[in-house]
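Below: one structure, written as structure tokens.
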Amino acid sequence: MNKINTELVKQLIIEQFPNWSDLDIKPVKLSGNDNRTFHLGESMSVRLPSEECYVPQVEKEHFWLPILAQKLRLPISIPLAKGKPSKYYPWPWTINQWIDGETINKENISDLNQFATDLGQFLNELQSIDASGGPMAGKHNFHRGGNLAVYDKETRDSIEKTKEFFNEDLLIEIWETSLNSKWVRNPVWIHGDIAPGNLLVKNGKLCAVIDFGILGVGDPSCDAAMAWTFFDEHSRKTFKEVLKFDENTWNRARGWALWKALITFDANKDYSSIITDESFNTINVIIKDFKSNNV
């Protein structure tokens with residue numbers, strides 16, 4: 001397969017959407033891991049799966065996102081056209097409506113507590129939409145919304161490999177607490193990757209949610225990991241109050257955050273500055289929060 005770059009996108013547009021072939025094409029500033037994303041003119045974007053395992057996201061997004069968008073107050077990614085496999089690129093791909101906004105960070109949010117409220121309200125709206133027929137958690141979305149135990153061995157291995165940095169027994173306790181319950185209600189819609197790179201702000205406020213490739217239905221706890229990965233103590237409390245999850249669901253949410261932070265830290269601990277590593281800081285936030293809630 002050709003390298004996914006601007007020239008490849010130009011070839012695909014000329015071949016399949018010649019009416020847009022005169023539009024400028026350039027990479028976006030921050031592209032995700034699952035897809036490579038490019039500006040197409042001023043009002044569209046092109047998304048191409050980076051690996052074959054991400055290809056199922058294309059059909060899923062084209063079918064479900066127009067339905068969900070009608071029921072959500074905040075803008076979300078909207079597919080405009082679907083590209084076909086070709087001699088230049090072997091998989092289906094997407095042209096989306098471009099949503100204006102900045103990827104969030106601590107500096108461009110005017111009020112972190114208001115942002116926590118707005119994000120919690122978006123998730124409440126998403127979870128309230130009828131999930132009948134929605135894609136159940138599985139390989140297509142890396143089990144987001146499914147049973148956290150699918151990552152049990154990977155997490156325990158990471159705890160073992162990072163025990164020189166963290167309290168091994170405490171991490172095992174946090175992890176096992178997250179595994180001690182399951183979602184027993186009807187499946188609800190989940191975004192699957194609620195993280196800074198997929199949230200946009202304008203004028204300091206949440207303005208859109210993008211990248212629904214890991215969309216599915218199931219246990220919503222995975223969508224609450226930002227409680228520890230992004231929010232501070234006060235905004236975390238606000239986020240929890242808005243979502244109104246029970247204690248077991250919060251325990252599973254903490255488990256999702258711990259799993260991702262551990263495997264990320266383990267993979268990078270030999271190559272980054274430990275003090276400034278985000279996953280290192282997240283794990284310490286999780287530990288502090290767990291201890292404060294289990295005194």
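Values quoted throughout were computed directly from the atomic coordinates according to the rules given, and no laboratory measurement underlies them. Not measured: the values here are computed from a predicted model. With ideal geometry, Cβ positions are generated from the backbone for all residues, glycine too; neighbour counts draw on all protein chains shown.
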What pairs in LYS60/LYS288; LYS60/LYS106; LYS260/LYS291; LYS161/LYS288 have C-alpha atoms more than 30 Å from each other? LYS60/LYS288; LYS60/LYS106
As I understand it, the value is the acute angle between the Cα axis of helix 6-16 and the longest principal axis of the Cα atoms of the chain; what does it come to in degrees, rounded to 10? 60
Calculated from the structure, semi-axes √(5λ) of the Cα gyration tensor in Å equals which of [x] 35, 23, 16; [y] 29, 22, 20; [z] 33, 21, 19? [z]
Using mean Cβ contacts within 10 Å as the protection proxy, how do 28-35, 115-122, 210-217, 154-161 order, highest first? 210-217, 115-122, 154-161, 28-35
Within a 10 angstrom radius of the beta carbon, how do VAL242, VAL9 rank from fewest other beta carbons to most? VAL242, VAL9
5 angstrom amide H check on ILE129, placed H, neighbours 5+ away: TRP189
Gyration tensor (alpha-carbon) shape descriptor, the range 6-97, a/c threshold 1.5: prolate
Projected area of the range 157-273, taken from the Cα convex hull and averaged over every viewing direction, in nm²? 8.9
How much length is gained if the chain between LYS3 and ASN248 is pulled fully straight, taking 0.36 nm per residue apart and subtracting their Cα-Cα distance, in nm to one decimal? 83.7 nm
Which percentage, to the nearest 5, of the DSSP beta bridges contained in the chain is antiparallel? 95
Relative exposure of SER132, SER86, judged by other C-beta atoms within 10 Å (fewest first): SER132, SER86
Neighbour-count ranking for MET226, MET44, MET136 (other C-beta within 10 angstrom, fewest to most) reads MET136, MET44, MET226
